[in-house]
Structures are given as C-alpha cells and as structure tokens.
Amino acid sequence: MTVRERKVVFALKLVLTMSPPVSSDLGYIPPDGGWGWAVVFGASISVGFAYTFPKAFTIYFKELQAVYSISYSQIAWITSIMCATTYGGGPISSILVNRYGSRPVVMFGGLLCGIGMVSAAFCTSILQLYICVGFITGFGLALNLQPSVIIIGKYFLKRRPIANGLAMAGSPVMLCTLAPLNQFLFDNFGWRGSFLILGAILLHCCVAGALFRPIGADTASVKMQKIEEGKETLKEEVTKDAMEMSSPANVPMETKMEEEGEKDCCEKINQYLDFSLFKHRGFLIYLIGNVLMFLGFFAPIVFLAPYAKHIGIDEYSAAFLLSILAIVDMIARPTTGIIANSKWVRPRIQYFFSFSIAFNGACHLLCPLASGYTGLVVYSVFFGLAFGMVCAMLFETLMDLVGAARFTSAVGLVTIAECCTILLGPPIGGTLIDTFGDYKYMFIKCGAVMVLAGTFLFIMNYYNYRMLTKEEKERKAKEEDPKSVRTENEGRNNWNKEATQGGPELEPLREEQEGLKKEVNGTNEV
Amino acid sequence: MPASCLGESRRLLLLPLLLLRCGLSAGSPADPAVTAKDASHSQASSLTKMQAGLLESSPEPMTTAQTVNWQTQGSSSDHLTLGRSVSAPGSDLATQEFKEATKDNITFVKYEALLPGVSGTSVEKNIILDSATRIELSCRLDKKYSHLQSQVTWKKGNETIRYINKTENSWSIKLQILDSSNMGSYSCAVKSEEEISAEFHLQVPKIEGREKPIVSYGGDTAVMMCKSSGYTPIAWTWYVTNGSEQMAINASLAEKYVISSISANVTHLKILKLTEEDDGEYWCEAAFELGESRARLRLRVLSFMVPLKPFLAIVTEAVILVTLIFLYEIYSKKKENHAEDEKEFDQVEQLKSEDSNGLENSSARHRRI
C-alpha cells in the first residue's frame, strides 16, 4: 500500500470512527455521562434558583408593605417584574450563549443576581426595590435559566430526558430549602440582612456556572484539524469512490465556506438568534401549544392555599398542602425523565407530553369536587405528579423537535412568548375569583385551557410525526438513487432542507443496535 | 310577696319624678352612648355597693335606681316587669327581666352550655364582647339529672347570683354588660355527689401583635403593627418599656415616633432613626367599651456587622468552590491531552500494521450504508 493510500485509510478511519463535523446539529457525539452529570447538578441549582426565587421571596411582602406603607398589589409587582424579566430576557440570553457559550453567561448571571440583591439591601424606596430585585436580579436569573437548559442538550443525547428530568428536579428541591431558609433569615436578620445574605447565596449560581465546561467547540476543533488533513489528502486523489465516501465530510466544509462568502443581514442575525425557526413546523406547534398551556399552569398553585383557607382549613394545613405538592413534584420529575427515556416512550415523547398536560387539566377540572382536607390532599398529590411530569418534559420536547443546535435560539424565543401568558394567568384567575366569589371557576378555566392545549398538541404532533415519516421516506428514496449523490448541490440542498425541518432524532434511537456509525449517519440524514 | 307588690306600686309612682331628674342629667336623649354610660355608671355603683355590703344592704332603693336607669335607656316600647327581690340569706343580685328592645343599640346574645355527665369536669366557654351587651347565660342538664333541680347555683367569681329562667332542665341568668366590672367569669354548678359545672368567661377581644421580635438596623426605620380582628377598638395607645415602667408614647415626638392607622382595626407605630436604645419591648393597647386589651411586641436593633459576617463567609465559600472547579478542569485537561497523544500514536501504529485489510474493510463498511 502506498503512503497516499495509507493516509486515505487513516483519514477515513478518523472520519468514520470518530464523530464527523456534521451530525444532527451538534457536530459531535455528546458524551451522555461522565462530566455531564456534574453539568446536570449545576443546571439543577441554576434552574432551581430561577424558578423558586420569586416564589420564596413572598415571605418578605408583609414586612415591606408595612415599612413602605404600600398595598399588596404594589408589592406583588416585585415578583411580577422578576418573572417577566426572567422569561423576557430569554432571547438576550440565547444571543449571548450563541456568541460566548453557556459558562460565561451563567457566571455573569450569578454575579448580576448577587449584585442585585446586595444593592436591594440598601434600598430606601419601593421603586429602587423594583429595579434592584425586579430587573437586575430577574435578568440575572434569566441569564441562569436558559444556558443551563441549553448545555444539557450539548452534553446528552441518548440519556437526555433523564438529564432534563434531573435538572428540572432542582426546582422543588430548591423550593423546599429556600422557603424555610428565607423564614430563618428573616427572623434573625430582618429584611435588609436577609437580602444581603441572599445575595451571597445567589452567588452559588456562579459556582454552578463554573461546572458548565464548554463542549463541542474544544473537542470539535481538534477533530476538525485532523479531518482537514484527511480532506487534503483525499483531494489529491480525485476518485469517485473517495468523493462519495467523503461527501458527508466535504459537504459541510464547502457549505461552511460558502456561508462565509455570502453573509447577508438575515444570516448574520440568524447566527445569533435563529428567527428561521418560525418556519419550523414543530417549533410553531410547540410554541402555540405551550403559550396556551401557561395560561392555566401557575394559577392553581398560587391559589391553592387561599382556596384551602376559604373552605375552612387552617393556615398550617394549607401550607402543608403545598409541601405535599413539592415533595410529589420532586419525585415525579426524575421518574418522568426515566420513563421518557425508555425505548417505548422516547420516539413518541410528544404524545407523552400532551398526555401529561391533559392530565394536569383534568386534575384541575376535578378539584372543585374535592371536599374537605382529604380531598384536597388527594388533589395536591395528583397535581404535584402532573406538574412534575409537564415540567420535566418542557424543554426535552423542544429539544426533540428542533434539535440541540437550534435549541439555543428556540428556548429564547419560546420563553419570551410564554412570558405574556405566564404573567396573565394568575391575575385572570384572581379576577375570576373576585367576580364570582367562588374558586371553582378559576379551576375550571385552568383545567379547560390545559385540556385544550393538550389536545391541540396531541393532534398537531400526530400530524407532525406523519409529515416527518413521509419526508424521511422521500429522503431515503432520493439517497438510494445514485444520481442525486453525485451532484453535491442537490445533496447540500437536501441537507439544508432537512436542517430547516429539523425533526426528531428517531433514526438513531430506533436503530441503536447497529452501533455508533449507523447513528452518526442517521443523524446525518436528519 | 305581697310586701313586694306594694313596693312596686310605690316605685311606679316615683318614676316620673326620677325620670325628670335623669333626663336633665343625662344630656341629649339622641346620644344613646352617653346615656348608657351614665346609666352604667350609676348601675355599676349600685351593683358594687351591693356586692360590697353583702349582708346589710336593703335591695329596695337600689332596685329603684336600677329600674330608672333601664327606663331612660330603653325606648318607650320597653315592657318592664320588675323582678322579685330575694329573701334568701346572703345577698343576691336582683336581675330584671325584659323583652328585647328592637330600637335599642344594645345587642342581645344568648349563650348556652351543655353540662357534661362526667363528674368533676367543667365546661368552659370564652365569650368575647367589645361593646355593651345584654347577655343570657344558661346551663342545660341532661334529663337523667333532673333530680338535681333545686341545687343549681350561679356564681360570678365567688358571689352567688339568682337565676331567672328555669325551664325543664336549664337554668339561665340574664346580665347587662356595660363596663369592665361586669366582665369576668360566671359559672353555674350542680351540686350533688358529683360536682358538675360550666364556666363562662366574658372577655374583651384579644389583639394581635407579633410573637417573634422585629429585627432592624441602626439608622433604619422600624414599623410595628397591631391588629384587632373583627372588633373595632375605640382608641389605640402605644407604650414603651423604659426600665421596668411603661411609658405612653406621645405623638408629639414626631421626629422619632409616628403613630398612624390605615384602618380602624390596625395601628402602626413607626420609629425613625433607630439606635441601640430603642431595643426592647413595646406594648400596643386597644381600648374597647368594656375594657382594654394589650399585646406585646419586641424590637431588636442590630448593627450592620451582624449580617455582614455570614455574607462574607458565603461569598468566600463560593469563590473557593469556583477556583477549585477551574483548577480541577485544568488538571483533567492536561491528563486528557497526555492520554490523547498516546492514543493517536497507538492508532497510527495500528493503521500501519493493518494496511491492506484496512482499506477493504472501510469501503465495505461504507457501501453497506
């Protein structure tokens, strides 16, 4: 064998045994373990802080109301602003992650949260509190939430639902620790001292961020170099077979070079925040379904304790209902992750998601029938279960639909769209309660909205799956035809088209037995 | 009994005279509160006199005064039946029976306690009253104890009261609660081999302060709040404990203390420019028609160093953790680079040895796709 041939063989082995530069969307095979578990731990801390901090903050309301002589609705603006900034800051978060990667963004976010709370400790007016606690801390939490979810998609593929479930489980765990901690701090240090110490505690988001070791860029660049070497040797040997064999490797190279050539305005923006997602069928389905769902998602939690007190249960038992909810939630999230990862559910994960939303809605519809404390306990248990199921799969399904590379932009766009309905949900529920004087209409509204959202998602995802399998078949038919492979343009077009349609990674998961290479090619096709 | 009937007629004749006298002294008839107070004062004095002089008081002039008082308070539609004075030894309060007055401002409430069949036990009921009330307390016994009829006694504290109403198995007394002296504990007891009793505690409404101390910092403002749930007090007063005595807080010290009320049921005390000396106990007092009620609050004033120490400790811990994580990453990267170099070297060697087989294998693998 000549030296050239040896080099070809070496290059081929690299290309075919190691991860090629183009696969699904990431450009490498995620490790699915190892350091990934540390990343999951860090993500659960980040996510926990982002979701539970506004809820745990309500302990300070009474005191702040008295100190600044303001009404409850004025003080409730603090958490509203915080929630709005956390969800509304999504796109900015996505842009920053696209540009700088997850780690610097999360660390900066943690720093911002800390600074916000420390400055809040020295506030002298409610407006200053709005800015410090509402905007600054809220934005810091936004910079925590999105990158944490994004980096899970970068570290996991096969075990991604489990990783997502575990990361989202950080939220109830953090709630169970933050709420009593806040009470303890408030009793011992008053509200100013508590804010100071909370600022220090929020700095642990920086610690979580430090765990987010960048992946994809480092490892891929090393391999890219080797593949470039291999490419050069192949180019020297212009044979059809060599071209065919290496076309998967060549195509992305040339595409990339072309991209660099013609960078117009749209593409530049899309590089930072992928607006082309709005043409993506799966993304649109997810967006509409979720925006609808959030209208009735959070209101029952907000009103569970007041409802319990309304039907005559004492304050401590009412608070205990929420604890039951949190504990069931804590167990439900990782369990859902494990179930969603099983080979029966994962290909049809969107159906599982729609089912859990509809289940959630059904719980709310049945709540008014619950009489007395036992009934409410049963409701809390089922609600906790349903809530955990939905939350665990919230981001997993989006990743499944758009793929991990475009997930960065997708999550930003989705959170800013959800922002409106999340904020509207509890006030609408509140107005219903005030108008009718009865809590059951709020539960009926929430239940109806969620059942509707679940059904919509179910039907639309059925349609989506059918379209995807149809496109799959067309793609396969085209590839088996040797003429199409020769023309690189067509191949590239197909690849581009598939990229825009994205689609679930059904292929690699169904044919896992065939080994790593098959998976690589399968994601290639996607 | 015939003697008392004569007494009645004499009283009725005296009524118009006394009416005039009371009318002049009582102020405008349109002001029921004032009238009630005057009446209650005179009634109270009469009652206390009666309690004080246990054995020697002659009930008749007292009851006259009582009757008159009620007459001025009540509307003309009141139908008064004068009670019987008691001839039993010891002093008894004569309580008057009267029908509910619909035009009256005073409410009428009835409380009943069911006496348990178990001996040695007592039922207790807390009754909260914030304004003048007519109250009827009754004790009811189970039918199986009907043989104990004649031995039911009503007491206020230690003094016995004669019951007014007696049905088949219940005994009741009617009381006019007009000021704090009427408040207290009233009990009914059935004496037999077993001691069965029920106690009614008439109390002013409790107000809520805060059990946990309010924590604040030097130079800051602290706000203390007291709330009365359900009952509206007439006035609020704040006291600060100075050493062992309690000083009322004067609203004139406006730079230091600001007392404000958002609503009639809630009072706020704002203390500005806190210093270490402001640390201590504070009392808020709500004045009701029938008495006062107090709640205690505690204020702790800390210096800013106190939360600063945990803050610095936690910040240091976070920085250390971040540094450790980065150091571990650098260390493991170095290890990885070493391992990779070795791996590459091995692979190249492997390729060189498998030359001819390698080419066929790879192409075959590729064609399988």
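Overview of results
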item	result
Selection count, segment B:167-193, where residues are under 19 Å from the mean Cα position of the chain (by Cα) and in a strand (DSSP E or B)	3
Residues being within 30 Å of residue A:268 (Cβ to Cβ) and of a type outside the set (Asp, Glu) - total across segment A:406-432	14
Residue count for segment A:189-205, restricted to those that are within 7 Å of chain B (Cβ to nearest Cβ), in a helix (DSSP H, G or I) and out of contact with any Pro (no Cβ under 6 Å at 6 or more places or on another chain)	5
Among the residues listed as B:230, B:280, the single one being away from chain A (no Cβ under 12 Å) and at pLDDT 85 or above	B:280
Residues (under 30 Å from residue B:307 (Cα atoms) and away from chain A (no Cβ under 11 Å)) located in segment B:189-217	B:208, B:209
Qualifying residue in segment B:254-276 (condition: at pLDDT 85 or above, acidic (Asp, Glu) and out of contact with any Lys or Arg (no Cβ under 7 Å at 6 or more places or on another chain))	yes
Some residue of segment A:95-109 being within 19 Å of the chain's Cα centre (by Cα) and of a type in the set (D, E, K, R)	yes
Of all residues making up segment A:93-125, the number that are over 20 Å from residue A:421 (Cβ atoms) and either surrounded by 24 or more Cβ atoms within 10 Å (Cβ to Cβ) or among the hydrophobic types (A, V, I, L, M, F, W, C) (or both)	22
Which numbered condition residue B:249 fails, given (1) under 12 Å from residue B:285 (Cα atoms); (2) within 11 Å of another protein chain (Cβ to nearest Cβ); (3) aliphatic (A, V, I, L, M)	(2)
Some residue of segment B:240-256 being in contact (Cβ under 8 Å) with a residue 40 or more places away in the chain, under 18 Å from residue B:220 (Cβ atoms) and in a strand (DSSP E or B)	yes
Verdict on residue B:212 being more than 30 Å from residue B:154 (Cβ to Cβ), under 21 Å from the mean Cα position of the chain (by Cα) and among the basic types (Lys, Arg)	yes
Test result for residue B:225, assigned to a strand (DSSP E or B), touching a helix residue (DSSP H, G or I) at 6+ places or on another chain (Cβ under 8 Å) and either surrounded by 19 or more Cβ atoms within 10 Å (Cβ to Cβ) or away from every other protein chain (no Cβ under 11 Å) (or both)	yes
Any hit, segment A:199-206, residues being at pLDDT 90 or above and touching a Lys or Arg at 6+ places or on another chain (Cβ under 9 Å)	no
Residue B:297 being closer than 21 Å to residue B:218 by Cβ, crowded, with 18+ Cβ neighbours inside 10 Å, within 14 Å of chain A (Cβ to nearest Cβ) and touching a residue at least 60 places away in the same chain (Cβ under 8 Å)	yes
Those residues of segment A:57-83 which are aliphatic (A, V, I, L, M) and without any contact (Cβ under 8 Å) to a residue 60 or more places away in the chain, in sequence order	A:66, A:70, A:75, A:76, A:78, A:81, A:82
Residue match in segment A:154-170 (condition: among the small types (Gly, Ala, Ser) and within 14 Å of chain B (Cβ to nearest Cβ))	no
Complete set of residues in segment B:312-356 that are modelled with pLDDT under 85 and either more than 10 Å from every other protein chain (Cβ to nearest Cβ) or closer than 30 Å to residue A:478 by Cα (or both)	B:353
Qualifying position, being touching a Cys at 6+ places or on another chain (Cβ under 9 Å) and in a helix (DSSP H, G or I), among A:117, A:82	A:117
In segment A:371-396, the residues that are among the β-branched types (Val, Ile, Thr) and more than 12 Å from residue A:297 (Cα to Cα)	A:374, A:377, A:378, A:381
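The values are calculated or read from the model by the stated rules, or taken from the named source; none is laboratory data. If you're wondering where the values come from, they're calculated on a predicted model, not measured in any experiment. Neighbour counts are summed over all protein chains in view; Cβ atoms, including those assigned to glycine, are modelled from backbone coordinates with ideal geometry.
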